[in-house]
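K.L.:
Got a structure for you, questions after.
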């Protein structure tokens, strides 16, 4: 079972639950908000010990 994290949509602020596959290493992908359907840029950084950090931002934020 994949671990999950709770984040908030950068557009509407609704809480979201994302499943993270840390075995895939660092990742960047787009996930649509389940509430407002806008694209969220998700960035996963995996440490050598398997711990990970997740950052979410609006797709067109610099």
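K.L.:
Mind checking the full-extension length gain between residue 48 and residue 21? Use 0.36 nm per residue of separation minus the Cα-Cα distance, one decimal, nm.
P.N.:
Answer, rounded to one decimal: 8.3 nm.
K.L.:
Which of these, 51, 32, 21, has the largest mean-square fluctuation under a Gaussian network model of the chain (Cα springs below 10 Å)?
P.N.:
Looking only at 51, 32, 21, the largest GNM fluctuation is found for 51.
K.L.:
Report the full-extension gain for the segment residue 28 to residue 8: residue separation times 0.36 nm, less the Cα-Cα distance, to one decimal in nm.
P.N.:
5.5 nm
K.L.:
So if R0 is 30 Å, what FRET efficiency would residue 1 and residue 61 give, r being the distance between their Cβ atoms, rounded to the nearest 0.05?
P.N.:
In this case the efficiency is close to 0.45.
K.L.:
Scan (i) 57; (ii) 24; (iii) 37 for the value of percent of Cα pairs over 20 Å apart calculated from this model and give just the label.
P.N.:
Of the labelled values, this structure produces (ii).
Where a number appears in this text, it was derived from the coordinates with a stated rule and is not lab data. Here the structure is a predicted model, which is why all the values come from computation and not from measurement. A quick note on method: Cβ atoms are made from the backbone with ideal geometry, for glycine too, and the neighbour counts reach across all protein chains shown.
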